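Report on one structure; see the data block that follows.
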Amino acid sequence: MTRKRLTLFILLFAIFVLIGCTKDTTSKSDTTSSDIAESTETEKNVLVFIPGAVDGNPPYLNLNNGSLQYAEEHPNVKIKTYEAGFNQAEWESQLTSLVASGKYDIVLTTNPSLPEICDDISKKFPNQKFIITDAYLNGNENIKTYEYNQYQQSVILGYLAGLITTSDMKNINSDKKVGFILSQEYPLITDDIIPGFKEGLQLADEDATADVRIVGNWYDASKASELALSMIDGGVDTFTSIAGGAAEGLYKVAKEKGLYVVTYDINSYSDIPGTIVGSGDIESIKLVKSAFEEAFNGTLDYGNAEIVGIEEGIVDFYWEDPLFKQSVSSDVYDTFMSWYNQVKNGTIKIEKNN
Ligand code: RBF
């Protein structure tokens, strides 16, 4: 073969390969665009920004589960869960760089400290949409917030704790003292949760009191154990907590001492049957799914803060779980249920008076 012929051959071969490739690419991109045209839904990317860790933290577990369930039912929705850890000073810079990537149609996050952070980030990235649960912010047209009516959940749990500490259940003393272990104090705790819980306690018995202690972080279970032991020394026989993973320390002590705990937000009876004797319910899975539905069909009212409680079907109590009836005395059960039935049917309204 002469050099000329060889060059011609290589040239023809190259043209052939090029045409082949082009055809292939065209057909691939044709398929993709027709696929998109056929399915009415384009891919949506959601960042679930967890300010802490998912495991052991009821509100975060629910937020993540609700998002994953929605994505399972809507395959065009892709969820990226990001656990930001417990250093609160780092949350804003972490979220800023995730938003800066421009990858996410929606950022879903939770807890009362997030509106301020998202509001700041929103000024730098005005195309980013945020949905924040367990939070309150009005007036930013890119941010939708839902605040759970924790006053209502607190009255319900306080009432039950008050009935238990004044009951004749095993290991209950005559001090009428209920312990409340907190990880951190913030306005929702001081303005709604503690006042609501005390209101509930006093509905059960005017002399019932709360011993409130603070762990100082959301993970130190041994500190929570220490606090629980010293509270028991002071006469506490019934507990509740808002302490994330640290609550494990309380549960362990309560179980060892044969005492009782009522829990916030999710159904926890089966975690320690007989020790966890009442669980409040925040229907955040339901809320997250309906927020996504509205966000993706264009009807979500960004800019508006909503408060969701009993009337909206978001705050409830897990009274139907057989472990509730089995774990408390029949007196406690009957008294609680006759009151709670009136709460559910609206005869008794739980409202903060201020
Ligand atoms: N709740 C948790 O269960 N785990 C947490 O790590 C956690 N971190 C929080 C951090 C801040 C700054 C604030 C304001 C609240 C936090 N919460 C946490 C509480 C949560 O948002 C909610 O108010 C309570 O769980 C009561 O439902």
**OP:** State yes or no: is Ile350 modelled with pLDDT of 95 or more, outside any helix (DSSP H, G or I) and either surrounded by 13 or more Cβ atoms within 10 Å (Cβ to Cβ) or among the charged types (D, E, K, R) (or both)?
**Re:** yes
Original post:
Across region 249-274, which residue is nearest to the ligand (Cβ to nearest atom) among those that are farther than 16 Å from Ala224 by Cα and polar (S, T, N, Q)?
Top reply: Ser268
Original post:
What are the residues in region 87-128 that are outside any helix (DSSP H, G or I) and under 19 Å from the mean Cα position of the chain (by Cα), if any?
Top reply: Asn87, Ile106, Val107, Leu108, Thr109, Thr110, Asn111, Pro112, Ser113
Subject >> Some residue of region 52-60 being small (Gly, Ala, Ser) and over 30 Å from Ile272 (Cβ atoms) >> reply: no
Subject >> Boolean, Ile132 is more than 22 Å from Ile194 (Cα to Cα), assigned to a strand (DSSP E or B), assigned by TED's automatic domain parsing to the domain that holds Ala53 and within 13 Å of the ligand (Cβ to nearest atom) >> reply: yes
Original post:
Any idea which of (1) surrounded by fewer than 19 Cβ atoms within 10 Å (Cβ to Cβ); (2) not in a helix (DSSP H, G or I) is the one Val261 doesn't satisfy?
Top reply: (1)
Original post:
Condition test on Asp301, is it of a type outside the set (S, T, N, Q) and assigned to a strand (DSSP E or B)?
Top reply: no
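Can you pull out the residues in region 222-248 that are in a helix (DSSP H, G or I) and away from the ligand (no atom under 14 Å from the Cβ)? Give the steps one after another, and end with the answer.
Step one: of region 222-248, the residues in a helix (DSSP H, G or I) are 222-233, 244-248.
The answer is Ser222, Lys223, Ser225, Glu226, Leu227, Ala228, Leu229, Ser230, Met231, Ile232, Asp233.
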Original post:
For Val332, all conditions in the list (1) closer than 26 Å to Tyr136 by Cα; (2) in a helix (DSSP H, G or I) hold save one; what is the number of the exception?
Top reply: (1)
Subject >> So Leu137, is it in a loop (DSSP other than H, G, I, E, B) and crowded, with 19+ Cβ neighbours inside 10 Å >> reply: yes
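The values are calculated or read from the model by the stated rules, or taken from the named source; none is laboratory data. These numbers come from a predicted model, not from an experiment. No Cβ is skipped: glycine too gets one built from the backbone with ideal geometry, and neighbour counts run over all protein chains shown.
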